[in-house]
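Following: one structure in structure tokens, then a few remarks.
The values are calculated or read from the model by the stated rules, or taken from the named source; none is laboratory data. Small disclaimer: the values here were computed from a predicted structure and weren't measured. Cβ atoms come from the backbone with ideal geometry, glycine included; neighbour counts cover every protein chain shown. Surface accessibility is based on the protein's heavy atoms, side chains included, excluding ligands, DNA and RNA. Shrake-Rupley method; radii C 1.70, N 1.55, O 1.52, S 1.80 Å.
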Amino acid sequence: MAVPAQCVLAASKLLGQLPRTSFVFEDFSVDRLRADLGRIPLHHIEGIWRYTTEKTEIAIIRPVCLEGSDIAAGGVDEGCYYIVLTGSADRSLRPGTVMGVVIPSAKSGVYEARIYTRKATSFMYDPRKFTLRLSDDDSRLVFDRKKSEFSVNFWHFVPYLWRYSVRRNASAPSVSGCIRVYPEPELPLEPRYL
């Protein structure tokens with residue numbers, strides 16, 4: 001019983017230890033990453049993903065993929081994944097920039113993450129908590145930002161004192177997320193016509 005508790009504690013520490021600002025893996029190569037991902041068996045969430053609202057591609061990979069060591073010989077699975085930028089229309093962020101950290105949850109296809117939400121000139125900052133949900137066919141990934149259950153609106157105190165100043169936040173279903181690019185899903189996202 002102590003082992004699962006230690007795993008949960010270690011996973012939450014991984015999310016909490018994300019630095020305040022992003023960092024870049026030196027000598028990062030998308031071609032080398034694709035070759036390495038093609039040689040090893042991938043976890044469900046691992047691969048290259050494209051945001052549906054913009055021309056940004058990310059890779060979700062185990063830490064051993066980025067240390068320059070051979071992945072197949074690494075054999076290290078710490079139970080966490082990096083979200084790494086592989087391509088963007090914004091040229092100020094370099095490929096190899098770490099955008100966040102992901103850990104699996106107890107529910108299949110659901111992951112917890114801390115992802116940087118703001119961008120400065122050449123780095124990202126302000127990590128926030130997210131829940132990532134993987135579709136049943138592993139082709140889509142939906143991002144849900146975790147918000148506080150309650151919020152306080154101080155503007156309600158002025159000029160009407162009888163309004164409610166604390167309200168419960170209703171969470172709307174999220175539609176933002178990514179589509180898998182590599183490896184390609186077994187069923188195509190759009191039908192192919194002859």
Selection status of I115, in contact with a helix residue (DSSP H, G or I) (Cβ under 7 Å, 6 or more places away or on another chain) and among the hydrophobic types (A, V, I, L, M, F, W, C): no
Meets criteria (under 14 Å from the mean Cα position of the chain (by Cα), modelled with pLDDT of 85 or more and open to solvent by 50 Å² or more (accessible area, probe 1.4 Å)) for P95: no
Failed criterion for F130 (all others in (1) more than 16 Å from S176 (Cβ to Cβ); (2) at pLDDT 85 or above hold): (1)
Residue match in the stretch 163-186 (condition: crowded, with 16+ Cβ neighbours inside 10 Å, modelled with pLDDT of 85 or more, assigned to a loop (DSSP other than H, G, I, E, B) and of a type outside the set (V, I, T)): no
Hits in the stretch 118-137 - residues which are open to solvent by 40 Å² or more (accessible area, probe 1.4 Å), within 16 Å of the chain's Cα centre (by Cα) and touching a residue at least 12 places away in the same chain (Cβ under 8 Å): K119, Y125, R128, K129, R133
Selection within the stretch 47-84 - under 17 Å from V101 (Cα atoms) and at pLDDT below 60: L66, E67, V76, D77
Total residues in the stretch 15-55, condition more than 25 Å from E112 (Cβ to Cβ) and loosely packed, with under 12 Cβ neighbours inside 10 Å: 7
